[in-house]
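Here's the structure, in structure tokens; my notes come after.
The values are calculated or read from the model by the stated rules, or taken from the named source; none is laboratory data. From a predicted model like this one, the values you see are computed outputs, not experimental measurements. Note: ideal-geometry Cβ built from the backbone for every residue, glycine included; neighbour counts use all protein chains shown. What goes into the accessible areas is simple: the full protein's heavy atoms, side chains included, and nothing from ligands, DNA or RNA. Shrake-Rupley method; radii C 1.70, N 1.55, O 1.52, S 1.80 Å.
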Amino acid sequence: MAPVTTPAVVLQAWRYSETSKIVRLATRDLGVQSAIAKGALRPRSRFGAGLEWLSEGVAHLYHRESRDLQVLGAFDLIDLRRGLARDVARCAGAAAIAEIVLRMAPAAPLPGAYDALTTGLTSLVTAPAADVDAAALRAAWCVLGALGFEPSLARCARDGTPLEPDPARSVPFSIAEGGVLCPRCAAARGVIRLPPTAYRDLRALVDPAHPLPTLDAAHAAAHRRLIARFVRHHYGEAGALHALDFWTRRSWDAAS
Ligand SMILES: [Zn+2]
């Protein structure tokens, strides 16, 4: 059986035996896949040091649809993304984005989500410190959008009515409906109100063509909470989302 070669990012990696690792990969061509890397922990392993958390490479996968655990034949490292470890904000944002992919992406080709993931991770490495939160929020929304969960911000999420919200007033937003609501639909239960600034910044965040908005600590925290609620609702399972929780609660910079 010839291996499938596909660009891949290591979403999780853990020791499986004395010499092997199990990895969960976001692959461009096969979606999220679990694989065993036999011999990866041997001193002169052909995997070298490439199978690290969030490193990117080309995976050579012996892939069979019928099995849950694939066999990783090789991983040609492209980028270790060491820069993510520069500070906790970058690391926490990257972990949350990786978790969204891990939990919400299928085992099916996902070129759009894969590209959003790698673009987002790169932006987290390169962003100036003041832009890290905004970069992480954009990356998370872009990944969600590529997975089919793009929030509706210009039309009512329920009935499609085009909206031109009054820039001085808050905008009704429904997590369950997946976006903003027209005045007629906004009477429903469970509708939250985005302050005008939050709405404007959200529109900028979801659109990579738009310059990143400048978010102070309190606004960044509010945007993190919004996306966490959005993910929780659309993930639809009670499973733990530890990285997302950590990223959401990260509040030491807002406290002082
Ligand atoms: Zn409506």
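Points worth noting:
- Charge dipole magnitude, Cβ of K and R +1, D and E -1 - segment 84-255, Cα centre, debye nearest 20: 400 debye
- Residues in segment 145-173 reached by a label modelled at Ala186 [backbone nitrogen below 19 Å; 7 Å Cα→Cβ]: 151-173
- In this structure segment 124-256 gives 51 Å² per residue of accessible area when probed at 1.4 Å with all protein chains present.
- Cysteines in the chain that lack a partner Cβ within the 4.7 Å cut-off: Cys91, Cys142, Cys185.
- Förster-model FRET efficiency, 22 Å R0, Ser170 and Asp245, C-beta, rounded to 0.05: 0.25
- Given charges at Cβ of Lys, Arg, Asp, Glu: the chain dipole, positive-most of Ala188, Ala74, Thr5: Ala74
- When the trypsin sites (Lys or Arg not before Pro) in segment 182-256 are filtered for DSSP coil states and for at most 10 other beta-carbon atoms within 10 Å of their beta-carbon, the remaining sites are Arg189.
- Sparsely packed trypsin sites (Lys or Arg not before Pro) within segment 1-81, loop by DSSP, other Cβ within 10 Å at most 11: Arg44, Arg64, Arg67
- Among Ser170, Ser17, Ser66, residue whose mean-square fluctuation peaks in a GNM of the chain (springs only between Cα atoms under 10 Å): Ser66
- Segment 4-80: C-alpha gyration tensor shape, a/c 1.5 cut-off, then a/b vs b/c: oblate
- On a per residue basis, segment 4-80 carries 49 Å² of accessible surface, using protein heavy atoms and a 1.4 Å probe.
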